[in-house]
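Heads up, the thing below is written out as structure tokens.
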Amino acid sequence: MKKRILLTAVASLLFNFAPLTSGAAAVNEPETAPYPASQVIADIVLDWSTHRREAQGSDNWQLTWADDNQLYGAWGDGGGFGGTNLNSRARLGYARIEGGWNNYRGYNVSGGFNAEHPVMSNGKSWGTISVGGVLYSWVIPDEPDPLDEPNDSHRDHYRYIELNRSTDHGATWTKAPWRWWREDNVIIPTFLVNGRDNAGARDGYVYSYFIRPRDVNLTQSELGLSVQKPGALFLARVRKTQIDAGRDAYEWFAGLTADGRPTWGPLSSKHPVLEDSNGVGWCVSASFNPGLGRYFVATQHSITSQSRLGIFDAPTPWGPWTTVKYWTDSDRFGAQRPGSELPWRDNIFFLSFVPKWLSADGRDFTLSFTGAGGGKDNDSFNTVRGQFKLRAK
């Protein structure tokens, strides 16, 4: 027990202060992008004069665009909009964001400061989607389940995955009576977001990416919130009318046929859809850009909470993947921020494209991102406007 407590304390320290602990070993790690450069996008340019920071102390913030034309998403361990790391702190809260990228305003729907509704449950989430006016959210545990782990007092984000459902835009949530487990070789998923109320979906399915854990026997206390190496993502799909129907309703990407068509099968047949030998972070985002006709996945690599991230694109949810941007130890996300004077440390662990704030041609976008600032700097809801530089045809 003493060993597990020590490991938990060390993991927490590394998570909150990772940018201060990088050394020679981290610098010397190979950080070659796992896929060739995108043939559509030559680069991305961020306008740091548009950098805005809200909800100090609240992190995560993957957003979906709902039927009512508003953005919704979950945060963790803070008071949400208007709160702080301690004031009105909720382990899992949901917010609504109204307006455009340059004039938005956030409201706490459930949990947090001056919330419209009380917090519903504990946990963490990096995946929410709106389908048919209903919000669905993948949620992982933030405290032990006494029925599953009667002798354990440590949280384990890797232990299982649950699905929450809201028919009132996040005011109340209902939990599905089934789970994915770490023993299924999957952890911490995200939904593939396809525009407003998922109207941009390519077919009648809802897609989710699941991270492959480094070891199905390792808990968060033993491994910490670390990049999973070697990194891989699995892809599952479910009919949009069956999202909360149960595990057996989901089909898993099982590889490609000789002529390049995807095959689907049960959980036991799943095959990685994206791989990175440098690792895949413990959280991931995925979205479709209709103007460019490209699917985007973003995640960490190498070492967590050090602004070392990759953005990949593909013509389908299953690939073939190419690299849009791969920030490394020598060129970290946000290393240069002309126009922004907000406090900063190299501690970013999550970023995503905001689905509502894409230009019609797909070239202009807004990134939301968050970091491990321990209640300060990037431990917050951050946005920055950017533009894709396309390759000449």
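The values are calculated or read from the model by the stated rules, or taken from the named source; none is laboratory data. A quick note: this is a predicted structure, and the numbers were derived from the prediction, not measured. Positions of Cβ are generated from backbone atoms using ideal geometry, with glycine treated the same way; all protein chains shown enter the neighbour counts.
What the table shows:
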read-out: Checklist (1) at pLDDT 95 or above; (2) surrounded by fewer than 17 Cβ atoms within 10 Å (Cβ to Cβ) applied to Val27, failing item; value: (1)
read-out: Check on Glu149, surrounded by fewer than 18 Cβ atoms within 10 Å (Cβ to Cβ) and assigned to a helix (DSSP H, G or I); value: no
read-out: Residue in the stretch 267-276 that is surrounded by the most Cβ atoms within 10 Å (Cβ to Cβ), counting only those that are touching a strand residue (DSSP E or B) at 6+ places or on another chain (Cβ under 7 Å) and not in a strand (DSSP E or B); value: Val273
read-out: Residues being part of a loop (DSSP other than H, G, I, E, B) and either under 20 Å from the mean Cα position of the chain (by Cα) or buried (at least 18 other Cβ atoms within 10 Å of the Cβ) (or both) - total across the stretch 126-142; value: 2
read-out: Hits in the stretch 186-213 - residues which are part of a loop (DSSP other than H, G, I, E, B) and either within 21 Å of Pro144 (Cβ to Cβ) or among the hydroxyl-bearing types (Ser, Thr, Tyr) (or both); value: Val186, Pro213
read-out: Strands (runs of 3 or more DSSP E) wholly inside the stretch 324-393 that include at least 1 residues being of a type in the set (A, V, I, L, M) and more than 18 Å from Gln300 (Cβ to Cβ); value: 381-390
read-out: Residue check for Ile140: β-branched (Val, Ile, Thr), modelled with pLDDT of 90 or more and touching a Pro at 6+ places or on another chain (Cβ under 8 Å); value: no
read-out: Which listed residue is surrounded by fewer than 20 Cβ atoms within 10 Å (Cβ to Cβ), without any contact (Cβ under 8 Å) to a residue 40 or more places away in the chain, in contact with a Ser or Thr (Cβ under 6 Å, 6 or more places away or on another chain) and farther than 30 Å from Asn69 by Cα, from Ala254, Ala258; value: Ala254
read-out: Residue in the stretch 290-300 that is in contact with a strand residue (DSSP E or B) (Cβ under 8 Å, 6 or more places away or on another chain), more than 27 Å from Arg214 (Cβ to Cβ) and either among the small types (Gly, Ala, Ser) or assigned to a loop (DSSP other than H, G, I, E, B) (or both) present; value: yes
read-out: Test for Val227: is it more than 22 Å from Met120 (Cα to Cα), out of contact with any Pro (no Cβ under 9 Å at 6 or more places or on another chain) and surrounded by 20 or more Cβ atoms within 10 Å (Cβ to Cβ); value: yes
read-out: When residues of the stretch 88-125 are limited to those that are hydrophobic (A, V, I, L, M, F, W, C) and farther than 21 Å from Asp68 by Cα, the one nearest to the chain's Cα centre (by Cα); value: Leu92
read-out: Sole residue being of a type in the set (S, T, N, Q), farther than 30 Å from Ala360 by Cα and touching a strand residue (DSSP E or B) at 6+ places or on another chain (Cβ under 8 Å), chosen from Gln228, Gln220; value: Gln228
